[in-house]
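Novice: Submitted below is the structure of interest, expressed as C-alpha cells.
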Amino acid sequence: MKTILLMRHAKSSWKNQKLPDKDRPLNKRGEKDALKMSELLLEKELYPQVILTSTALRSRLTASAILDQCCQEVTIRALDALYMAEPPAILDVIKTIDAQVDRVMVIGHNPGLESLLQRLTREVESLPTASIAFLEIPVDRWEDVSLDTTVEEWDKWKPKNA
C-alpha cells in the first residue's frame, strides 16, 4: 500500500500584476494556511518521504512551509513537469519514485490536482488552496499507479477546518 498526499499550493498574491504567473509568492493568508496544514500533517503523523512540487514560486513556498515543520528527512524535487500539469503528467512523475518510498506528496495546481483526485476517488471533489487530499493506493510499486487505479481509503482537509 502506498500513500499520496495531493496538496494544492497555498493562496498566492496578485499584488504585483507585472509578475509572471510562475513568480507569484504566497500572500499572508497563504503563509498562514501553509503553516496550519504543515502542523496538521505533523499532528496526524503523515509527513511525506518525498515532496514533488511545481517550480512555481507559490508551490515551492508551500513546500518550504511543510518542510519547516517536518521532523524527519524529506527529499524535495521541484519539477517544471508539475507546473499546471494534468493527471497523466502528474502520474508520470509519481511513477518515477523509488518503490521503497511509501508516502509521497505532490504540491501543484488546479485543475490538474483536482482532476486527479476525482479520477482516483471516483467522486466529484474540490481542492481549494492549501487543501490536502490523503489517498491510500493499493499498489506495491509507484510505477503501477494509473488513472484506472481506485483508492482504498481517502480523506481531505482544508485549512479552515484544520
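The values are calculated or read from the model by the stated rules, or taken from the named source; none is laboratory data. The model shown is predicted, which means the values in this text are computed figures rather than measured ones. Neighbour counts are summed over all protein chains in view; Cβ atoms, including those assigned to glycine, are modelled from backbone coordinates with ideal geometry.
Novice: Being surrounded by fewer than 21 Cβ atoms within 10 Å (Cβ to Cβ), touching a Phe, Trp or Tyr at 6+ places or on another chain (Cβ under 8 Å) and under 17 Å from Arg103 (Cβ atoms), is that true of even one residue in segment 33-43?
Specialist: To start, the set of residues in segment 33-43 that are surrounded by fewer than 21 Cβ atoms within 10 Å (Cβ to Cβ) comprises 35-36, 39-40, 42-43.
Checking the rest, the ones that are also touching a Phe, Trp or Tyr at 6+ places or on another chain (Cβ under 8 Å) come to 40.
The next check asks that each one be under 17 Å from Arg103 (Cβ atoms); those that pass are 40.
Yes, because at least one residue in segment 33-43 is surrounded by fewer than 21 Cβ atoms within 10 Å (Cβ to Cβ), touching a Phe, Trp or Tyr at 6+ places or on another chain (Cβ under 8 Å) and under 17 Å from Arg103 (Cβ atoms).
Novice: Moving on to the next point. For segment 112-129, check the following and say yes or no: at least one residue is within 17 Å of Gln49 (Cα to Cα) and either at pLDDT 95 or above or among the aliphatic types (A, V, I, L, M) (or both).
Specialist: First, the residues of segment 112-129 that are within 17 Å of Gln49 (Cα to Cα): none.
Among the residues of segment 112-129, not one is within 17 Å of Gln49 (Cα to Cα) and either at pLDDT 95 or above or among the aliphatic types (A, V, I, L, M) (or both), which makes the answer no.
Novice: Continuing with the same structure: Looking at (1) at pLDDT below 95; (2) within 15 Å of the chain's Cα centre (by Cα), find the lone condition where Glu152 falls short.
Specialist: Glu152 satisfies every listed condition except (2).
Novice: Among the numbered conditions (1) more than 16 Å from Ala89 (Cβ to Cβ); (2) surrounded by fewer than 21 Cβ atoms within 10 Å (Cβ to Cβ); (3) polar (S, T, N, Q); (4) touching a residue at least 40 places away in the same chain (Cβ under 8 Å), tell me where Asn161 comes up short.
Specialist: Status for Asn161: all satisfied but (4).
Novice: Examine segment 77-87 for a residue that is of a type in the set (A, V, I, L, M), part of a helix (DSSP H, G or I) and surrounded by fewer than 21 Cβ atoms within 10 Å (Cβ to Cβ), and state whether such a residue exists.
Specialist: Initially, segment 77-87 is screened for residues of a type in the set (A, V, I, L, M), giving 78-79, 81-82, 84-85.
So of that shortlist, the ones also part of a helix (DSSP H, G or I) come out as 81-82.
Next, only the ones that are surrounded by fewer than 21 Cβ atoms within 10 Å (Cβ to Cβ) stay: 81.
Yes, segment 77-87 contains at least one residue that is of a type in the set (A, V, I, L, M), part of a helix (DSSP H, G or I) and surrounded by fewer than 21 Cβ atoms within 10 Å (Cβ to Cβ).
Novice: Also: Within segment 2-22, identify whether any single residue is part of a helix (DSSP H, G or I) and either among the small types (Gly, Ala, Ser) or modelled with pLDDT of 95 or more (or both), and answer yes or no.
Specialist: Initial filter on segment 2-22 (part of a helix (DSSP H, G or I)): 21-22.
Next, from what is left, pick out any that are either among the small types (Gly, Ala, Ser) or modelled with pLDDT of 95 or more (or both): 22.
For segment 2-22, residues part of a helix (DSSP H, G or I) and either among the small types (Gly, Ala, Ser) or modelled with pLDDT of 95 or more (or both): present.
Novice: Here's a follow-up. Answer with yes or no whether Val139 is touching a residue at least 24 places away in the same chain (Cβ under 8 Å), more than 29 Å from Leu35 (Cβ to Cβ), among the hydrophobic types (A, V, I, L, M, F, W, C) and not in a helix (DSSP H, G or I). Quick ask: steps written out before the conclusion?
Specialist: On the way: touching a residue at least 24 places away in the same chain (Cβ under 8 Å): yes; more than 29 Å from Leu35 (Cβ to Cβ): yes; among the hydrophobic types (A, V, I, L, M, F, W, C): yes; not in a helix (DSSP H, G or I): yes.
Yes: the conditions hold for Val139.
Novice: Does at least one position in segment 58-69 carry a residue that is within 29 Å of Lys95 (Cβ to Cβ), among the polar types (S, T, N, Q), buried (at least 16 other Cβ atoms within 10 Å of the Cβ) and touching a residue at least 60 places away in the same chain (Cβ under 8 Å)?
Specialist: Yes: one or more hits.
Novice: Ok, one more. Test Val101 against the stated conditions and say whether it is at pLDDT 95 or above and in contact with a Phe, Trp or Tyr (Cβ under 9 Å, 6 or more places away or on another chain). Walk me through how you get there before you give the answer.
Specialist: Numbers: at pLDDT 95 or above: yes; in contact with a Phe, Trp or Tyr (Cβ under 9 Å, 6 or more places away or on another chain): yes.
So Val101 fits the description; yes.
Novice: Is it true that Glu45 is among the acidic types (Asp, Glu), under 23 Å from Pro138 (Cβ atoms) and under 12 Å from the mean Cα position of the chain (by Cα)?
Specialist: Details: among the acidic types (Asp, Glu): yes; under 23 Å from Pro138 (Cβ atoms): yes; under 12 Å from the mean Cα position of the chain (by Cα): no.
Here the answer is no, as Glu45 does not meet what is asked.
Novice: OK, next. Only one of Asp33, Asp98 is part of a helix (DSSP H, G or I) and acidic (Asp, Glu); which?
Specialist: Numbers: Asp98 fails: part of a helix (DSSP H, G or I).
Criteria check complete, one pass: Asp33.
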